[in-house]
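Novice: Mind looking over this structure? Questions follow.
The values are calculated or read from the model by the stated rules, or taken from the named source; none is laboratory data. A quick note: this is a predicted structure, and the numbers were derived from the prediction, not measured. Here Cβ is always computed from backbone atoms with ideal geometry, including for glycine, and neighbour counts include all displayed protein chains.
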Amino acid sequence: MADATYDAIIIGGGSRGLALGCYLLKYGGMKTAIFEQRHELGGCWGSEEFVPGFVGNTHATDIGSWYLLPMYEDFPEIKELGGEWIPYNVAFGAVFREDDSCITVYHGHNDPYMEKTANEIGRFSKKDAETWAKIYRTYKDLIEPAAMKSIHNLPTPMDQPDLMEKTFMEAISRLGGDPSWFVKSPIELARELFENDAVVSMALRISHSWAGCSPDLNAEGIFQLMLALPSLADYGCIKGGTHSFAHATSKIFTRYGGLSSTMSEVDKILVENGRAKGIKLVDGTEVEGKLIITAGIDPYTVFFRLLRDENIAPKIKRKIQHLSRKHITITWYSWAVHELPDYKASSLCNDINGSGWTAIITKDPEELVRTHARKTLREKYHPENNLVVWAHTIVDPTQSPEGKHVLGTEDFAVPPASVLDEKEWREWKKDHAERVIKLLERHTNNYSWNQVIGYNPLTPFDARNVTQTGPEGCWATLDQLPSQTGRYRPIPELADHRNPIGNLYNTGAGWHPGSGGMVAGGYTCYKAIAEDFHLKSPKKKGFDL
């Protein structure tokens, strides 16, 4: 006999699971409970006070205005509860190590036609400035509206043309390209689009933070340069830290009667006659789910641990077993500091000091390719840094004491978690911190260790402690390969959130539509459940099909 009974059980209270719970309660009318392994709900919406008064984001940090889009309309109280998004003034930029020159890309809110940005890129190439402005307007006119529909609806069946594929074809035509763009790598496509290597290098490194795979990966070019890159020109941060999203959504979940149990690791999904009936916790507690169970965790854990005794088709298990989850292994350091960096490049453009996402890189577009080659060879130390620096306190002073700031740094020149043991990672963290400060010292007018109050070093070794990111500490759960995004994520047979086991559904960063701290996967999972159980649908919105 079960120790407790609910209409719906959600395993994992990450961003998608938490959002799904809100919809099941308000629109589905289901008594819903979330069981979370960690100490709190929110998943990748993580922030912590790593030095008293200083808030650092431990996972999602660069946030799109559309990450909470469905909930802003269906739960309008979320803004009052703390889910406030703040745009950057300057979207992103690059400082080049060779000569401290720079490129500054202004936020779409301030530069909707990229005219100010064109002046910046124009110092390197007038033609490239025109190309960037055309790419951005093509994104805003064609690609963004289609992307919002693609991520907020169930994936197109495999026997039908995909909306994004059709939209990209139209965009390619507008930009004067040809169908070969569909199979080109980011570096191939970037070199066709832009003539100046510095512009190519910036485009590859900035978009790389979202895509995360080697620039020489075939068929990744359109995704990275026509979707990820221009979308980053409209990003920002969350007031008070990304975890404010978690707090706001948790309050909504509780207000509608949702129940949550943290520090409650699920050991097994209970199945009877091919249908999910409940869960068993590690401590032996059994909970019944009368109508549905949703696993908001990574595909590997679902099929090889929670469903370990079930008869799953060998083809599906083989595909899941060999999903790629080893490329997006990065560092994410938070730094409590006295002052913002004053880049030497600010003598050319003072606005580079206010950039939301700043790459300190070489003009050589091949540097990232070499980085990924070294990761593939499992080298412990990489001689090159591919550093990105951000400071949300530029636009949100609530994340630090008055007059102080929080910096974040990200680097992809990082080995997977298993390459080093625990002792080696401790030494690696210290070495990397020294390299970051030396780089800032070299390219700013004001930086040394004297600026640092304290820092929090997060590496793939630390990320591996979260079930979703194992075994190598992949921060996106699954790599963002062309074969592992959209209607192919995690595999085509499972992209619509439905599981081969009856009454069992799946969501999370490892499922449709992709990674990132958005609620879209929870929203589309609710759509699948609502179709199957004839539940109430939220009010139709512009991106709903």
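Novice: If we keep just the residues of the stretch 205-225 that are in a helix (DSSP H, G or I) and more than 17 Å from the chain's Cα centre (by Cα), which is farthest from residue 96 (Cα to Cα)? Working first, answer last.
Specialist: Just the residues of the stretch 205-225 that are in a helix (DSSP H, G or I), to begin with: 205-211, 221-225.
So of that shortlist, the ones also more than 17 Å from the chain's Cα centre (by Cα) come out as 221-222.
Numbers: 221: 23, 222: 25 Å.
The qualifying residue farthest from residue 96 (Cα to Cα) is 222.
Novice: Kindly evaluate residue 472 against the criterion of being in contact (Cβ under 8 Å) with a residue 60 or more places away in the chain and either in a loop (DSSP other than H, G, I, E, B) or buried (at least 18 other Cβ atoms within 10 Å of the Cβ) (or both). So that I can check it myself, show each step before the final result.
Specialist: Details: in contact (Cβ under 8 Å) with a residue 60 or more places away in the chain: yes; either in a loop (DSSP other than H, G, I, E, B) or buried (at least 18 other Cβ atoms within 10 Å of the Cβ) (or both): yes.
Yes, satisfied.
Novice: Please count how many residues of the stretch 500-514 are in a strand (DSSP E or B) and hydroxyl-bearing (Ser, Thr, Tyr).
Specialist: Looking only at that region, the number is 1.
Novice: Condition first: surrounded by 24 or more Cβ atoms within 10 Å (Cβ to Cβ) and among the aromatic types (Phe, Trp, Tyr). Now tell me which residues in the stretch 36-53 satisfy that.
Specialist: Residue satisfying the conditions is 45 alone.
So that you can scan it fast, the table gives a plain yes or no per residue for (1) hydrophobic (A, V, I, L, M, F, W, C); (2) out of contact with any strand residue (DSSP E or B) (no Cβ under 7 Å at 6 or more places or on another chain); (3) closer than 15 Å to residue 300 by Cα:
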residue	(1), (2), (3)
497	no, no, yes
505	no, no, yes
508	no, yes, yes
521	no, yes, no
524	no, yes, no
531	no, yes, no
537	no, yes, no
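Novice: Which fully enclosed strands (runs of 3 or more DSSP E) of the stretch 329-430 have 2 or more residues being among the aliphatic types (A, V, I, L, M) and within 29 Å of residue 188 (Cα to Cα)? Spell out how you get there, then give the answer.
Specialist: On the way: elements: 331-337, 358-361, 387-390, 405-411.
By residue number, 358-361, 387-390.
Novice: For residues that are surrounded by fewer than 19 Cβ atoms within 10 Å (Cβ to Cβ) and among the aliphatic types (A, V, I, L, M), tally how many sit in the stretch 335-364.
Specialist: Within the stretch 335-364, residues that are surrounded by fewer than 19 Cβ atoms within 10 Å (Cβ to Cβ) and among the aliphatic types (A, V, I, L, M) number 1.
Okay, residues lined up against (1) touching a residue at least 24 places away in the same chain (Cβ under 8 Å); (2) under 23 Å from the mean Cα position of the chain (by Cα); (3) in the same structural domain as residue 8 (by TED's automatic domain parsing); (4) assigned to a loop (DSSP other than H, G, I, E, B):
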position: 245; (1), (2), (3), (4): yes, yes, yes, no
position: 250; (1), (2), (3), (4): yes, yes, yes, no
position: 254; (1), (2), (3), (4): no, no, yes, no
position: 257; (1), (2), (3), (4): yes, no, yes, yes
position: 270; (1), (2), (3), (4): no, no, yes, no
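Novice: Can you tell me which of (1) surrounded by fewer than 24 Cβ atoms within 10 Å (Cβ to Cβ); (2) farther than 20 Å from residue 9 by Cβ is the one residue 267 doesn't meet?
Specialist: Failed condition: (2).
Novice: While we're here: Kindly provide the set of residues from the stretch 97-108 that are farther than 23 Å from residue 63 by Cβ and either buried (at least 22 other Cβ atoms within 10 Å of the Cβ) or under 23 Å from the mean Cα position of the chain (by Cα) (or both), ordered by number.
Specialist: Within the stretch 97-108, the subset farther than 23 Å from residue 63 by Cβ is 97-102.
The one that is farther than 23 Å from residue 63 by Cβ and either buried (at least 22 other Cβ atoms within 10 Å of the Cβ) or under 23 Å from the mean Cα position of the chain (by Cα) (or both): 102.
Novice: Mind listing just one residue for me: the one in the stretch 76-96 that is touching a Gly at 6+ places or on another chain (Cβ under 8 Å) and crowded, with 24+ Cβ neighbours inside 10 Å and, of those, nearest to residue 209 (Cα to Cα)?
Specialist: Within the stretch 76-96, the match that is nearest to residue 209 (Cα to Cα) is 92.
Novice: Could you tell me which of the residues 136, 106 is touching a residue at least 12 places away in the same chain (Cβ under 8 Å) and closer than 28 Å to residue 243 by Cα? Spell out how you get there, then give the answer.
Specialist: On the way: 136 fails: closer than 28 Å to residue 243 by Cα.
When all the criteria are applied, what remains is 106.
Novice: Also: Considering (1) crowded, with 21+ Cβ neighbours inside 10 Å; (2) free of Cβ contacts under 8 Å to residues at least 24 places away in the same chain, say which one residue 440 fails and leave the rest.
Specialist: Here residue 440 clears every test but (2).
Novice: Could you please let me know if residue 209 is within 24 Å of residue 411 (Cβ to Cβ) and touching a residue at least 12 places away in the same chain (Cβ under 8 Å)? Don't jump to the end; show me each part of the working.
Specialist: Numbers: within 24 Å of residue 411 (Cβ to Cβ): yes; touching a residue at least 12 places away in the same chain (Cβ under 8 Å): yes.
So residue 209 passes the test.
Novice: Residue 325: under 30 Å from residue 190 (Cβ atoms) and either part of a loop (DSSP other than H, G, I, E, B) or out of contact with any His (no Cβ under 6 Å at 6 or more places or on another chain) (or both), yes or no? Full working, then the answer.
Specialist: Numbers: under 30 Å from residue 190 (Cβ atoms): yes; either part of a loop (DSSP other than H, G, I, E, B) or out of contact with any His (no Cβ under 6 Å at 6 or more places or on another chain) (or both): yes.
Considered against the rule, which asks whether it is under 30 Å from residue 190 (Cβ atoms) and either part of a loop (DSSP other than H, G, I, E, B) or out of contact with any His (no Cβ under 6 Å at 6 or more places or on another chain) (or both), residue 325 comes out as yes.
Novice: Checking residue 481 against (1) of a type outside the set (Asp, Glu); (2) at pLDDT 95 or above; (3) under 16 Å from the mean Cα position of the chain (by Cα): exactly one of these is not met. Which one?
Specialist: (2) is the only condition that residue 481 fails.
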